[in-house]
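The values are calculated or read from the model by the stated rules, or taken from the named source; none is laboratory data. Please read all numbers here as calculations on a predicted model, not as lab measurements. Quick reminder, even Gly has a Cβ in these numbers, built from the backbone with ideal geometry, and neighbours come from all protein chains shown. Just so you know, the surface numbers come from the protein's heavy atoms only, side chains and all, with ligands and any DNA or RNA stripped out. Shrake-Rupley method; radii C 1.70, N 1.55, O 1.52, S 1.80 Å.
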Amino acid sequence: MNWSVSTYDSAFGYVSAHGAPLVDLLDPQPGEKIIDLGCGTGSFTAEIAERGAEVLGIDGAPEMVAQASALYPGLSFTIGDAHDFTTSEPFDAVASNAALHWMTRDPDAVIARVHAALRPGGRFVGELGGAGNCAELIAAMQTAWRVFGLGEPELPWYFPTPAEYAARLEDGGFTIRLMEHADRPSRMTECPDGAADWIRIYAPSTLADVPPEMVEPLLARVNELAAPALRRESGWVADYVRLRFAAVRKPDGSTTLP
């Protein structure tokens, strides 16, 4: 399932959109100054740096930044909140891989900070969970919570539709070059106990208000509910849906035509 708001122009015409690694879509050039926003433990930062760019990894979690600095001591990392970070100089590009959907407080503020960090014509390239991401997993959670008489689980993610995120980018001063929305089912290799492990790893906050004695039977029920859709003979699969985009900061003083 693809949804494109525009075709590539010269800025991104060298990339095959579907399935290409995000670093290829970004296409870092030697000497470019690039931010990896929501860098986590730094693996994507390192991929960008391998292309010769000068990269700054930013993440709001001190433990992530500490781990990234230990794993990649030759690269630069700093602690910063994507909703209000600032830079002392303009950057050529901002990239974000599997992080924007965690930045739920104010997505428009994140886009505004990215815009402020970029030079005019600078690139904003990212991939995040899109509308429909983890729909079966979330439905199993919501049903299990109701069965156990609990309130609706407060989900820690933001999964926008392509149209919604395109509008946010355009309102934030960007011209969109690519917007792609595609199913990407993925093996839960790190989750031997299936959906239950997935919740423990990616949504621990949803368990914070669950009585301790109820956690294990609750998660077992999630597994029962999710198994018909997500368990295969070869193991569990997460029903991921990814939203991938490429945009450029409009020239200063430009306006959107009515």
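Numbers at a glance
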| item | result |
| --- | --- |
| Residue count for the range 27-51, restricted to those that are touching a Gly at 6+ places or on another chain (Cβ under 6 Å) and either among the charged types (D, E, K, R) or assigned to a helix (DSSP H, G or I) (or both) | 2 |
| Helices (runs of 4 or more DSSP H) completely within the range 158-258 that count 1 or more residues being without any contact (Cβ under 8 Å) to a residue 40 or more places away in the chain and more than 17 Å from Ala140 (Cα to Cα) | 162-171, 212-230 |
| In the range 82-110, the residues that are within 14 Å of Tyr158 (Cα to Cα), in contact (Cβ under 8 Å) with a residue 60 or more places away in the chain and more than 14 Å from the chain's Cα centre (by Cα) | Asp108 |
| The range 82-95, residues that are part of a loop (DSSP other than H, G, I, E, B) and among the aromatic types (Phe, Trp, Tyr) | Phe85 |
| Filter result (over 22 Å from Thr41 (Cα atoms) and assigned to a strand (DSSP E or B)) within the range 96-119 | Leu118, Arg119 |
| Scan of the range 78-132 for residues that are out of contact with any helix residue (DSSP H, G or I) (no Cβ under 9 Å at 6 or more places or on another chain) and among the β-branched types (Val, Ile, Thr), ordered by number | Thr104, Val114 |
| Flag if Val237 is surrounded by 14 or more Cβ atoms within 10 Å (Cβ to Cβ), in contact with a Phe, Trp or Tyr (Cβ under 8 Å, 6 or more places away or on another chain) and hydrophobic (A, V, I, L, M, F, W, C) | no |
| Hits in the range 66-83 - residues which are open to solvent by less than 30 Å² (accessible area, probe 1.4 Å) and either closer than 16 Å to Asp24 by Cβ or out of contact with any Cys (no Cβ under 8 Å at 6 or more places or on another chain) (or both) | Gly80, Ala82, His83 |
| Failed item in (1) open to solvent by 30 Å² or more (accessible area, probe 1.4 Å); (2) aliphatic (A, V, I, L, M); (3) out of contact with any strand residue (DSSP E or B) (no Cβ under 9 Å at 6 or more places or on another chain), with Ala144 passing the rest | (1) |
| Residue that is farthest from Trp102 (Cα to Cα) [pool: residues in the range 186-209 that are among the β-branched types (Val, Ile, Thr) and surrounded by fewer than 16 Cβ atoms within 10 Å (Cβ to Cβ)] | Thr189 |
| Val94 vs. criteria in contact with a Leu (Cβ under 9 Å, 6 or more places away or on another chain) and at pLDDT below 95 | no |
| Checklist (1) among the acidic types (Asp, Glu); (2) in a strand (DSSP E or B); (3) over 19 Å from Ile34 (Cβ atoms) applied to Glu127, failing item | (3) |
